[in-house]
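Before any comments, here is the structure.
The values are calculated or read from the model by the stated rules, or taken from the named source; none is laboratory data. As the structure is a prediction and not an experimental result, all values here were calculated from the model. Ideal geometry is used to build each Cβ from the backbone, glycine not excepted, and the neighbour counts take in all protein chains shown. Ligands, DNA and RNA are stripped out before the accessible areas are found, and what is left, the full protein with its side chains, is counted by its heavy atoms. Shrake-Rupley method; radii C 1.70, N 1.55, O 1.52, S 1.80 Å.
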Amino acid sequence: MIEELFVDYTLAETVFFRAGRFGMTWGTGRLFDNPGNLVGRVDEGAGIRASAPLWSGASATGVLYSRSAWISADEASAANEGNYRAFAWAGQVESTFRSVTAELSGHYKYQEPVGLAASLAVGLGDTTITTEGVYHFEQDRFLESDTCLLYTSDAADEEDSVDLGGRRII
């Protein structure tokens, strides 16, 4: 099985793109399972990554990826091919000033906990002191809403309902 196969492209010598099957690691954890590595599953599928400088010593990276298991999962049917639910999105901003590096990252996948991570690394001579925090929270219904707000001039006139061609919305 091919572990990595990708194409790299640099646009205007500043924006870097990578597309295909590749591995990525975010976060600073080196012992255990690196909880800040929000993109550890990229190598199980295919994705597109873009990185660009923001300001001196800072960069931003965005990743869109999918795994064959997500595409062929319970939501698979001919109508669902290309469905956004089969993809995950991640973003990271990294900034370095002298011997201090800070990273903020986030990860979103439909019906999975949203992941947020932050790390701070300080170099002291030959030693680097690093701290990292990761927070996962359930999406619940805060990203989806079944609330409908309808406002028309009729609503303003009647103050309590709207007549839409014989149907009255209250």
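A few comments on the model shown:
- Those residues of the range 92-116 which are touching a Gly at 6+ places or on another chain (Cβ under 7 Å), in a strand (DSSP E or B) and open to solvent by 50 Å² or more (accessible area, probe 1.4 Å), in sequence order: Thr96, Phe97, Leu116
- Complete set of residues in the range 50-66 that are open to solvent by 50 Å² or more (accessible area, probe 1.4 Å) and under 12 Å from the mean Cα position of the chain (by Cα): Leu64
- When residues of the range 117-151 are limited to those that are charged (D, E, K, R) and part of a loop (DSSP other than H, G, I, E, B), the one modelled with the highest pLDDT: Asp126
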